[in-house]
Each structure stands twice: as structure tokens, then as C-alpha cells.
Amino acid sequence: MREKIEALKKQKNAVIMAHYYVEDDVQELADYIGDSYYLSDMATRIDADIIVLCGVKFMGESAKVLNPDKKVLLPAADADCPMAHMAEIDKINEVRKQYDDVAVVCYVNSTAELKAASDVCVTSANALKIVKELPNKNIFFIPDQNLAHYIADKLPEKNFIFNDGFCHVHHTITTEQIKAAKQARPDALVLVHPECKPEVTAMADYVGSTSGIIKFATESDAKEFIVSTEMGVMYELKKRNPDKKFYTAGNMQVCPNMKKITMEKILHVLETEQSEVIMDKSLMDAAHLPMIRMLELAAK
Ligand code: 13P
Ligand code: SF4
């Protein structure tokens, strides 16, 4: 199957991009692997006719918005992120009416419609930097409540308006699980993704995006880590750090949507070119601006 995929990639000038949360064999196959920010940024630099995006729907839409002339294929068309839908356009309009000086900041883990209604996009890797640089006093952060609280705590000069979205994978990790993992491995450092609840991030030795967690663990002198994010990240952590030990914080850290992408589905979309991301031009244009603004502000 791998040989067939490689041959089709060459023949069709296609590349495979994958998020760290997909299955290990898919990560191994990918030409580009990274967190949400890396995938968005890299999508603008790739010279290919086809991008096979191994991730959830919002990632495919982001790649398409940034590359309207390329064909973006989603191996699992039904791989959708529930959090991407956890905000309302009506609420955005309401907040805009209520506050003069407001920026609507949209975590990229959101639908293209929500991005289009926002002023700037962010990922967990650049949210703090970008929100800090915004001239606006009021920040309406959608859809994730936990990332919003993590940044709000660090920027007391801003007035945050919170939304109630959450990622079920990260939001369900508990302080009790971290405590139990810490008791079992007292020397381990606790690495937490900011999609976790504030009381969980408060227990962390390091808080950061998926790539941030990998970088921190790789550069750290510590030998053991408790990882409070989706399990898929273990593949890269162990690959880069064969002598270090990694433990999970709980036992529910699996994103079922990310795991829908398989080698079979990748081969199928490369053969058929089905499951293409198709979006209205007006929607793509509207979502393009906040995405580009993110890339520009993150690169500063
Ligand atoms: P990052 O890729 O920004 O770490 O976000 C994690 C995530 O939940 C992606 O779906
Ligand atoms: Fe969505 Fe959470 Fe899965 Fe990421 S890990 S795709 S935020 S449900």
C-alpha cells in the first residue's frame, strides 16, 4: 500500500500533511507532520497540485482557504472536530454591537463560517503572542473556553469575553488523574496542552501546543514526563527521545475523529481524488483575511 501511495504522489504531484494526533502509520507516511500552526503555515509554502490533509475537517478547510488553487483532499470526510462548531455567529454579532473596541479571535479549530466572521485566527502555538499584539482592549475568544482562560490569565490588561466551547479530549482530563500519575511517577514533569481546564494547566511544569510539548520534552534534561494531551503525540515524543519515558495523564486521551484517517483511505483519495474540500469563493475570501492576519502576526 505504501508503494502505491508513493507512486501516486509522484504521478499527481501530491503531498501528504498530517497532524500529530493521527495514527502512527499515517504519521510515518506523511511528508509534513506538525501541529495546527505548522500545517497552516506550511500549506502556504508547499509546491504541489494536491494536498492530502490527514486531520479533521477544519484543517482541510484551513489548507484550502490558504491555497484556493490547490486541490485539498480529506481522506476521512466525516472526521470533524465537535469544538469547531461550538460558537454562534449571532453571539459574535451581539458582542460586536455591545463592545466598540472588540477583536473577535478565532481559534483555528473552528468552521470556515466562524473564521469568516472573526477578525483574526490563532492556534495554541501563537494565541498568546497574537492576542498580546492586538490593539483592542476587548477580546471575544471563540470557540475554546480553556485556551481563552489560559491566555486571559497572562494578559490582565485585556478584557476577555468568554465562550463555552471545549475539546472533549482535553476538557475531560482531571486534576485527580494528574495527581495519580504524579504519585506513580514523582520525578516526571507534567506537560499540558492549553485546551485542558485551568485547574489542570495550573498543575503543569510546561503548558504548550502539541509542537511545544514535543520541543520542551526533547530539550529537557528530565527523563520522565506525564503527557496531558492527545495520545498521538506519543509517536513523535518516543521517536525523538528513545531514552526518555512518557506516560499518559488519564486513559481517555484519544480523539476519535483524528483516528478515522487510515492508509486505505489515503490510497483511496489519491486514486479517486474524491473527498475534495469544496467551499464557496465568498466564504473562502472571507476566511482568508483572518488566517493571513494570523500568519503575519505569528511571523513578526
Ligand atoms: P495544536 O495542533 O495547536 O496543538 O492543537 C491541538 C488540537 O486539538 C488539534 O486538533
Ligand atoms: Fe477537535 Fe479536540 Fe479532536 Fe483536536 S483533539 S480535533 S480539538 S476534538
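The values are calculated or read from the model by the stated rules, or taken from the named source; none is laboratory data. For clarity, every value in this text was computed on a predicted model and none was experimentally measured. Neighbour counts run over all protein chains shown; Cβ positions are idealised from the backbone, glycine included. The accessibility values were calculated without ligands, DNA or RNA, using every heavy atom of the protein model including side chains. Shrake-Rupley method; radii C 1.70, N 1.55, O 1.52, S 1.80 Å.
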Report summary line: Listed by first then second residue, the pairs whose first member lies in segment 161-172 and is part of a helix (DSSP H, G or I), whose partner is β-branched (Val, Ile, Thr) and surrounded by fewer than 17 Cβ atoms within 10 Å (Cβ to Cβ), with beta carbons under 9 Å and at least 6 positions apart or on separate chains, are 169/254
Requested in this report: Check segment 257-278 and report whether any residue there is open to solvent by 70 Å² or more (accessible area, probe 1.4 Å), over 24 Å from residue 53 (Cβ atoms) and among the polar types (S, T, N, Q).
Outcome: no
Report task. Output the qualifying pairs, or none if there are none: Cβ atoms under 6 angstrom, residues six or more apart or on different chains, first residue in segment 215-243 and without any contact (Cβ under 8 Å) to a residue 40 or more places away in the chain, second residue of a type in the set (Asp, Glu) and surrounded by fewer than 17 Cβ atoms within 10 Å (Cβ to Cβ). Result -> 224/187
Requested in this report: Tally the residues that are part of a loop (DSSP other than H, G, I, E, B) and either among the hydroxyl-bearing types (Ser, Thr, Tyr) or away from ligand 2 (no atom under 15 Å from the Cβ) (or both), restricting the search to segment 173-207.
Outcome: 9
Query raised in the report: Of all residues in segment 106-128 being assigned to a helix (DSSP H, G or I) and within 13 Å of ligand 1 (Cβ to nearest atom), which is surrounded by the fewest Cβ atoms within 10 Å (Cβ to Cβ)?
Result: 128
Requested in this report: Go through segment 205-214 and give me each residue that's in contact with a Pro (Cβ under 9 Å, 6 or more places away or on another chain) and either without any contact (Cβ under 8 Å) to a residue 60 or more places away in the chain or away from ligand 1 (no atom under 13 Å from the Cβ) (or both).
Outcome: 207
Report summary line: Here the residues within segment 208-237 that are farther than 20 Å from residue 108 by Cα, polar (S, T, N, Q) and not in a strand (DSSP E or B) are 218, 220
Report summary line: Considering residues that are under 17 Å from the mean Cα position of the chain (by Cα) and under 22 Å from residue 62 (Cα atoms), the number found within segment 242-286 is 7
Query raised in the report: Only one residue in 212, 232 is crowded, with 20+ Cβ neighbours inside 10 Å, on the phi < 0 side of the Ramachandran plot and not basic (Lys, Arg), so which one is that?
Result: 232
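So that you can scan it fast, the table gives a plain yes or no per residue for (1) touching a residue at least 60 places away in the same chain (Cβ under 8 Å); (2) surrounded by 15 or more Cβ atoms within 10 Å (Cβ to Cβ); (3) of a type in the set (D, E, K, R):
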{"residue": "140", "(1), (2), (3)": "no, yes, no"}
{"residue": "143", "(1), (2), (3)": "yes, yes, no"}
{"residue": "153", "(1), (2), (3)": "no, no, yes"}
{"residue": "157", "(1), (2), (3)": "no, no, yes"}
{"residue": "179", "(1), (2), (3)": "no, no, yes"}
{"residue": "182", "(1), (2), (3)": "no, yes, yes"}
{"residue": "187", "(1), (2), (3)": "no, no, yes"}
{"residue": "192", "(1), (2), (3)": "no, yes, no"}
